[in-house]
1. Which far-off residues, 5 or more places away or on another chain, put their amide H under 5 Å from the one on A:Y293, with H placed in the peptide plane?
2. Is it possible to state the helix-based mean residue ellipticity at 222 nm for the protein assembly as shown, with each DSSP H run of 4+ residues giving -39500 (n - 2.57), the sum divided by total residues, to the nearest 500 deg cm²/dmol? What is it?
3. Give a residue-ordered list of calculated ³J(HN,Hα) values for the stretch B:167-181 (Karplus: 6.51 cos²θ - 1.76 cosθ + 1.60, θ = phi - 60°; whole Hz; x for Gly, Pro).
4. Once label points are set 7 Å from the Cα along Cα→Cβ at both B:E64 and B:N111, what is their separation, rounded to one decimal in nm?
5. Report the paramagnetic label zone for A:V81: residues of the stretch A:143-178 whose backbone N is under 17 Å from a point 7 Å from Cα along the Cα-to-Cβ axis.
6. Find which of B:Q135, B:F187, A:N83 sits farthest along the positive direction of the dipole of the protein assembly as shown, computed with +1 on the beta-carbon of Lys and Arg, -1 on that of Asp and Glu, about the Cα centre.
7. Using a Gaussian network model of chain B with C-alpha springs under 10 Å, which one of B:P278, B:P192, B:P247 is most mobile by mean-square fluctuation?
8. Over the residues of chain B, compute the C-alpha Rg and express it relative to 2.2 N^0.38 Å.
Amino acid sequence: MRKLGHQKHYYLMLLPGMVWLVMFSIVPMFGIAMAFQNYNPGNGLFKSEWVGLDNFKYMFQLNDSKTVILNTFIIAVGKIVFNLLIPLIFAILLNELRSLRYKKLVQTVVYLPHFLSWVIMSTIVIGIFGYYGVVNTIIGMFGVDPKLFMADAGIFRQLLIGTDVWKEFGYNAIIYLAALTGVNPNLYEAAAIDGANRWQLIRRVTLPALTTTVVLLGVLSLGNVLNAGFDQVYNLYNPLVYSTGDILDTWVYRLGLQNLQFSLATAAGLFKSVISFVLIFISYRLAYRYADYTVF
Amino acid sequence: MVRNKTLGSRTFEIANIIVLGLLLISCIYPLWYTFCVSISDKSAANAGLVTIFPIGFSLSPYKEIINDRLFFNSFWISIQRTVLGTGLSLLITVLMAYPLARPKKDFKARNAFMWILVFCMLFNGGLIPWYLTIQNYHLLNTIWALVLGGGVPVFDVILIMNFFRNLPKELNEAAVVDGAGPWSILFRVYIPCSIPVLAAVALFLSVYHWNEFFNGLVLMNTSDKYPLQTYIQQLVVNIPVGTNLTPEQYKKLSELSNRTLNAAKVFIAMVPMLVVYPFLQKYFVSGIMLGAVKE
């Protein structure tokens, strides 16, 4: 009886959160119906005409959709790969430092960019790579003509991946550094007595200690292959680089809120949500099976 | 760590110090650069001459900002949003985390709620349905659209829940024996025991609210309702969406900006983060670890 009494309180505690969740997460899910309608804001969700899969068919016929999906995939995969590798290398280098004060200083500073928004960061990136930016000033000193980096479709993806990795590498390294604190120092000593040099110590002791973490992070990032980073792209791109820089999220934004094609934008959004959902589900399954990782 | 003083080892060490030093500079340089541009002479800054040190000296952008009503207005909206959003989310998150941290025999419906939460974390209706929903609630142009529109921070609920679950069971039992009900156990035992994780979550929430620009852009119709990041975004980054932009036009557009003034605004927007950051550093590191490693 007493336990049932407590359960009542538990429901009460969950109430505000659940109301919020229903209002702002679950109710919008019903709006997905729009993707299968020819939605007309005047008629609303209940009176709009149903068109089945027409919006999806139309979406895939558009040239933009193929470009956008390809761009999203390339940018996201690039970010995943380099956001795994660069922090790994950084963590290993940091782990090799002897001066603890220097180590602490480096760590403190490299976390910082993560906490600044892409709005702030892109103003800085544009300041540095823009036509009148530092990079052009410097190459100008060597007699090279200034380039419009931000408007060059050929390098826009590399710029996106590069700046994202630069912004996040310190933050992403935290988890590797934590894994390294768990390494038994005896391992290093034993290996050194066996005559291992610095490089061999890194290869035989440090790297194996990080393998599981890398694999786990890699598996978990599978769900992000369609998340190329709206904030970053939206704040850095311009019509000149749509061909290589436009991603699903920015496309949905332009279709939906700027061109007011509600149904088409919802269909494109749903396409992304469903694929991401399936991938995340698979990745959590894999993480559980191979690394014993559970969310809760 | 073993020290072997071979030549190779020393070379590596020096190279390592230099490489890490360069990385360190690369992370601090943008802040420095922004600051330098903001206090430099206007024409030098616009011509892109500022690289390492400010050229000339002028505080006129800062003087101009002092009279900019719209800037302070958006600053104030951001503060309100961050305080309200962080406080509300933290309270609701903690309230949800406690029941979900109970063992299943104490709270039978636990797993059902858990699945709803996880489903909502992984799947969403997408941009347009979300926008229309908020429009239907008549929240557009209100601070509540910004505070509530980001949704329930389910990930933070799970983070706190995992922390609660790892607190010793005896804590709960002892409190029950002393006659405490769920509310006093939560507020007088569990919360005081969880300050580090709550601080980490509060930090994540406030960083989110301070940095978020998109909800402000989409959900607010007039620029006097924009939070700071949206205000800056509109000011600095926004290049008009035209389909037939040529590289020359793009160049013209980037010439138009008043770089010293913009840099000063960006710099001021960074200041709150820079001030708070050193105090919270230890908390966010522990917060990430909680999210990553369990038991």
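Laboratory data are not the source of any read-out in this text; all were calculated from the coordinates shown. If you're wondering where the values come from, they're calculated on a predicted model, not measured in any experiment. Cβ sites come from the backbone with ideal geometry, for glycine too, and all protein chains shown count toward neighbours.
1. Sorted by chain and number, the residues that satisfy this are A:Y288.
2. Values: 31 runs with 410 residues, N = 591.
So the helix-based figure for the protein assembly as shown works out to -22000 deg cm²/dmol.
3. Coupling constants for the stretch B:167-181: 5, x, 4, 4, 4, 5, 4, 4, 5, 5, 4, 6, x, 7, x Hz.
4. In this crude label model, B:E64 to B:N111 measures out at 6.3 nm.
5. Answer for this model: A:155-166.
6. B:F187
7. B:P247
8. Its radius of gyration relative to the 2.2 N^0.38 Å reference: 1.30.
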